[in-house]
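Heads up, the thing below is written out as structure tokens.
The values are calculated or read from the model by the stated rules, or taken from the named source; none is laboratory data. Given the structure is predicted, the values throughout are model-derived calculations rather than measurements. For neighbour counting, all protein chains shown are included, and Cβ atoms are generated from backbone atoms with ideal geometry for every residue, glycine included. Surface accessibility is based on the protein's heavy atoms, side chains included, excluding ligands, DNA and RNA. Shrake-Rupley method; radii C 1.70, N 1.55, O 1.52, S 1.80 Å.
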Amino acid sequence: MCGYCRSEQAEKMKGRIGCSLVYWFSIVMDTCWLLDTGTGMETEQLGQTIRVVLRPTGLAVVGSTFKSAAESDAVWERFLPSQYKDIITRAVDFPNLTRSSSSSFASKKQLYLWLSDHPLLIDQGTKSFSLEKSSGRICYMLAARNLTIVWGDTPSYWRWISIPESRFSEVAELINVCWLEIRGKINTSMLSPNTTYAAFFVFKSTVGAYGFEYQPTEVAVGVSGSESETQSVYLDPEGGQRLQYQIVPRNPVFHRGFSIGNRWRQRTTSVCDRKYPKVRGDGWVEIEMGEYFNKGGGGEDEELEMSVMEVERGDWKSGLIVQGIEIRPKVVDK
């Protein structure tokens, strides 16, 4: 479709829907035109179009042409990652929503929205795959069985259990260790290009968990063979809540002739800077391990490594239930 035809169609739409909606009509028409000509679209353009067509308002009044473009498989095909068909073939259990085919949805839009809301188990259930809804970027979670856990197969230290709230068939429960070391890795070619990713350690604490209240754990993210970004975090989910209600005295306190007011302020500042887990929407908790910018597109075949370690102090620890490590596009808090 040439630029003249597209502009002529836009002009015809003005009388029926008003100028305020012509802009959105043009976006969809431009998308279809780019698809027809084989021209690539920038990620931000795709993301903008996704946000438009996901809006519950506007489609009914724009007319059949706009709605047809917004529902087009050709448009939504471009929102899906190029390797999505291969990923689906690796699924453990792919839903049959159309009942006319064992491996397809009614439309590419339906598939896109489903993958945005329902992580798909792949590779014998050792990973889950999903899409970030607003951008279409790829997300993965590595199951505990896909991680390297030191002493993970020793029943006196770790045990493998099934719980209904996990997306995976097994999770790892920490019984008692003094050497905590968990590692995971993923090939960067599996991730979306030109995207900043963050890795998150996803877990729960059992009643009676101990060893994490006051001792930091080292987490790291980096490409194999390169220096990793390392930081200290606290795996005590209740630590952040205790910090929230901590009372700081207004006046310096004197004890045995010494003023500890400054010491209290220094301690409070350091405690406030601590990083604690946050509750997720699925009821688990997570702690950010670090970031990685995936340039991609250059044929690189690198391994992104992530680690959770507490091996220096030698104190015994117990009570973690590990679901896995999630790698997803970084969202900047506003």
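Here are some notes:
- Residue match in segment 292-305 (condition: of a type outside the set (Gly, Ala, Ser), within 16 Å of residue 205 (Cβ to Cβ), open to solvent by 20 Å² or more (accessible area, probe 1.4 Å) and modelled with pLDDT of 85 or more): no
- Residues located in segment 154-164, provided they are free of Cβ contacts under 8 Å to residues at least 12 places away in the same chain and surrounded by fewer than 10 Cβ atoms within 10 Å (Cβ to Cβ): 162, 164
- Yes/no for residue 188 being under 27 Å from residue 296 (Cβ atoms), within 19 Å of the chain's Cα centre (by Cα), among the β-branched types (Val, Ile, Thr) and open to solvent by 20 Å² or more (accessible area, probe 1.4 Å): no
- Among residues of segment 172-188 that are within 13 Å of residue 150 (Cα to Cα), those with a beta-carbon under 9 Å from a residue that is among the hydrophobic types (A, V, I, L, M, F, W, C) and assigned to a helix (DSSP H, G or I) at least six positions away or on a different chain give the pairs 172/144; 182/144.
- Filter result for residue 109 (basic (Lys, Arg), under 19 Å from the mean Cα position of the chain (by Cα) and open to solvent by 20 Å² or more (accessible area, probe 1.4 Å)): no
- Scanning segment 194-226 for residues that are over 23 Å from the mean Cα position of the chain (by Cα) and farther than 20 Å from residue 178 by Cβ returns 207, 225, 226.
- Flag if residue 120 is open to solvent by less than 30 Å² (accessible area, probe 1.4 Å), more than 30 Å from residue 231 (Cβ to Cβ) and out of contact with any Leu (no Cβ under 7 Å at 6 or more places or on another chain): yes
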